[in-house]
Amino acid sequence: MTVPIRNHDIAELRRLDLAHHLPAQADHRLIASLGGSRIITRAEGSTIFDGEGNAILDGMAGLWCVNVGYGREELAKAAYDQMLELPYYNTFFRTATPPPVKLAARIASKMGGHLSHVFFNSSGSEAVDTVFRLARHYWKLKGQPQRRIFISRWNAYHGSTVAGVSLGGMKAMHAQGDLPVPGVEHVMQPYLFGEGFGEDPDAFAARAAQAIEDRILEVGPENVAAFIGEPVQGAGGVIIPPEGYWPRVEAICRKYGILLVCDEVICGFGRLGQWFGHHHYGVKPDMISMAKGLSSGYLPISATGVADHIVAELREKGGDFVHGYTYSGHPTAAAVALANLDIIEREGLVERTREDTGPYLARALATLNDHPLVGETRSLGLIGAVEIVREPGTNKRFLDKEGEAGPVVRDLCIRNGLMVRGIRDTIVCCPPLIITHAEIDRLVSIIRRSLDEAE
Ligand code: PLP
């Protein structure tokens, strides 16, 4: 079915945007100086179109989420059918509806063995809030209420709610909310290029994991509820840890009986070439948060995967777990998520990312290594980063001296027809899993051209 292209009055939309709309995570003075936001009007496949008619390759899959690409009629149909049958009902009063029940079983089959239950929410932040509440509740049920502390990493991103910001390691976000809440400890991130430049990757992995154990010992293992981490840190700059890091983190958690939580909001649903990021690293978390690729962003839905031993505690001890949202288990969002998983499976997008497009992206990004502004390229599956440096062969940054280079190169990329993100001195990409080789070539050639223009 071809969707008619609607004409929008872009000047009027930009006027209304400035007059009435406060966009999320934005510098409102900057947007005002630009005369309003860029209006994106439609999208198809891996391409978005703005109000001026520019076609922009979406190197970010929206916000790390549109895994199956844009324009999927069957997702619209799934929402339409479900809305007519039962648009909404809740799960508060010992009720459930068919789509979230089926979706829970489907997600459980993807998570594997010991993770066989899910709790639904609408956003990644809420999925993380559920982790926060459930972990502390679990330890109370277990008779260890003093286990309240969460260990997380600097520059982690776990969302924008109070618990999400607190568990996250973004200092600017902490500063704006007098956060973190008490009981959250941050340790170094496993950022080899930034914090272990020139170091042996395995020695660095051991050092980064040791920082976790040191902090556990400092605060007392008996007081620690959980460690939380993104398998690959996304918004922190696509930090791909050395392979030995996660198994060490898991061993430390087991040694002290601490819950291991993987925030899979970006890494889940094929991004790293496996259904979940922790599958790539071969660890067994006690809880995982997921969102984004679960519905490819077509409707808001998220989930928290919960290990059997935690569910057993809830079932054995009983009493309400007084946590949940109006839209927990939203039937229409769940129906869309089910249809989205159908597409991922039918088109083999996880395997394709692992065996074809992921390695292709890695090779294509590596061609940028000869550029004088490039210090490193790295990727895993279809998430990648280009480090911009002042001197080739070093990790010397612009941001120390002349402001951040990432946003400058990002703006050039957008002007040249590619949506990427600039995080400090790093350009990051996270395209839809349907991206083609030709589109990956274009993505990389636009980054090169933009780096040339930035020189
Ligand atoms: N956790 C991670 C790892 C994320 O990347 C994000 C969002 O980017 C979140 C949590 C928060 O998700 P949401 O923006 O849907 O609340």
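The values are calculated or read from the model by the stated rules, or taken from the named source; none is laboratory data. If you're wondering where the values come from, they're calculated on a predicted model, not measured in any experiment. We place every Cβ from the backbone using ideal geometry, glycine too, and count neighbours over all the protein chains shown. Surface accessibility is based on the protein's heavy atoms, side chains included, excluding ligands, DNA and RNA. Shrake-Rupley method; radii C 1.70, N 1.55, O 1.52, S 1.80 Å.
For HIS279, what is the net charge nearby, where nearby means another residue's Cβ is under 11 Å from its Cβ and Lys, Arg count +1, Asp, Glu -1? Let's see the in-between values first.
Numbers: positive: LYS110, LYS284, ARG354; negative: GLU264.
With Lys, Arg at +1 and Asp, Glu at -1, the neighbours total +2.
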Largest-first principal axis extents of the Cα set of segment 2-69 (Å): 33, 27, 17
Percent of beta bridges antiparallel (DSSP, the chain, rounded to nearest 5): 65 percent
List LEU399, LEU141, ordered by accessible area with a 1.4 Å probe, largest first: LEU399, LEU141
Heavy-atom accessible area per residue - segment 83-178, 1.4 Å, Å²: 48 Å²
Accessible surface of segment 151-231 [probe 1.4 Å, protein heavy atoms]: carbon and sulfur percent: 55 percent
Over segment 298-414, relative contact order from alpha-carbon pairs under 8 Å, at least 6 apart, %: 14 percent
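Once the Cα gyration tensor of the chain is found, what semi-axes does its equivalent ellipsoid get, as square roots of 5 times the eigenvalues, in whole Å, sorted largest first?
Working: eigenvalues 221, 171, 86 Å².
Value: 33, 29, 21 Å, ordered largest first.
Just to make sure I understand: if all protein chains stay in place, what is the order of ASP50, ASP356 by accessible area at 1.4 Å, largest first? Each step should come with its number before you reach the end.
On the way: ASP50 5, ASP356 55 Å².
The most accessible residue leads, giving ASP356, ASP50.
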Cα-based Kirkwood hydrodynamic radius, segment 33-148, one decimal, Å: 18.3 Å
Neighbourhood net charge (12 Å Cβ-Cβ; Lys/Arg +1, Asp/Glu -1) for ALA43: -1
Cut-off under 5 Å, modelled amide H: who pairs with ARG397 long-range: ARG390
Convex hull volume per residue for segment 232-322, taking Cα atoms only, in Å³: 125 Å³
Taking the chain and dividing mean pair separation by its residue count, relative contact order in percent (alpha carbons under 8 Å, at least six apart): 19 percent
Kirkwood hydrodynamic radius of segment 72-228, from inverse mean 1/r over distinct Cα pairs, in Å: 18.5 Å
Rough spin-label spacing in nm, given labels placed 7 Å along Cα→Cβ, for ARG207 and LEU84: 6.2 nm
Computed P(r) (all Cα pairs; segment 48-104; 5 Å bins; percent): 4, 13, 16, 17, 15, 14, 10, 7, 3, 1
Inverse mean reciprocal Cα-Cα distance (Kirkwood Rh) of segment 166-231, Å: 13.4 Å
Label-to-label distance, nm, for residues given as ALA55 and ASN7 (7 Å Cα→Cβ offset): 2.2 nm
Longest to shortest principal axis, alpha-carbon extents of segment 289-378, angstrom: 61, 28, 23
Label-point gap, in nm, between ASP27 and ALA96 - each point 7 angstrom along Cα→Cβ: 4.8 nm
Kirkwood hydrodynamic radius (C-alpha pairs) into Stokes-Einstein, segment 333-448, 37 °C and 0.692 mPa s, D in µm²/s: 217 µm²/s
Debye log10 I(q)/I(0) at q = 0.26, 0.27 Å⁻¹ for segment 71-132, Cα point scatterers: -1.21, -1.21
Normalised per residue, the volume of the convex hull around the Cα set of segment 110-196 (Å³): 139 Å³
Most to least packed among 197-204, 20-27, 274-281, 78-85 [average Cβ atoms within 10 Å]: 274-281, 78-85, 197-204, 20-27
With all protein chains modelled, accessible area of GLU455 [1.4 Å, Å²]: 130 Å²
Rounded percent of accessible protein surface that carbon and sulfur make up, segment 352-435, 1.4 Å probe: 49 percent
ILE216 accessible area, assembled protein chains, probe 1.4 Å, Å²: 0 Å²
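At a threshold of 8 angstrom on Cα-Cα distance, excluding pairs fewer than six apart, so keeping six or more, what relative contact order does segment 200-323 reach in percent?
Values: 165 pairs, mean separation 24.6, N = 124.
For segment 200-323, the relative contact order is 20 percent.
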